[in-house]
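Undergrad: Sharing a structure with you now.
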Amino acid sequence: MSYKPVFIALLSVTLLGAVQTTPNSTSQAAGSQAGAATAAENAQIRQLANTRANEAQALRDDIKRMRALVGQMETNLAFVDTTQSPLKHQFQLDIDMWNIVINQMERRAYPNSR
C-alpha cells in the first residue's frame, strides 16, 4: 500500500512531462511548416521578379529593333517619289502608326522616363 502514492506521484510526473513535451514538438512542427511555406513563397517571389525582369528586357530589345526598322522605312520613303502620291502617303501613315505603337511600348517599358 505504501507503493501506491509513490507510483501515482511518478505516473503524474511522467504524464506532466509528456503533456509539456507535446505542445513544444507541435509548435516546432508548426514553426518548421511556416518556415518551409515562407521559403517557398520567397522562391516564388524571386522567380516572378526574374521573369518580369526578363520580360522587361525583351520588351526593350523589341523596341530597339522596331525603332531600327521604322528608321529603315523612313529612309526608303525618301526614295519612293518626290511628289505626294497615294503610295507615298500610305507609307507615311504606316510609319506614323508604328511610331505611335513604339511610343506606347516605351511608356510601358520606361514608366519613369517620361
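The values are calculated or read from the model by the stated rules, or taken from the named source; none is laboratory data. Because the structure is predicted, anything quoted here is derived from the model rather than measured. When we count neighbours, we look across all protein chains shown, and the Cβ atoms used for this are built from the backbone with ideal geometry, even at glycine. The accessibility values were calculated without ligands, DNA or RNA, using every heavy atom of the protein model including side chains. Shrake-Rupley method; radii C 1.70, N 1.55, O 1.52, S 1.80 Å.
Undergrad: Taking the criterion of being modelled with pLDDT of 85 or more and more than 30 Å from PRO111 (Cβ to Cβ), would at least one residue in the stretch 55-76 satisfy it?
TA: The answer is yes; a qualifying residue exists.
Undergrad: Would you mind finding the one in VAL80, VAL101, VAL70 that is of a type outside the set (Asp, Glu), part of a loop (DSSP other than H, G, I, E, B) and open to solvent by less than 60 Å² (accessible area, probe 1.4 Å)?
TA: Answer to the selection: VAL80.
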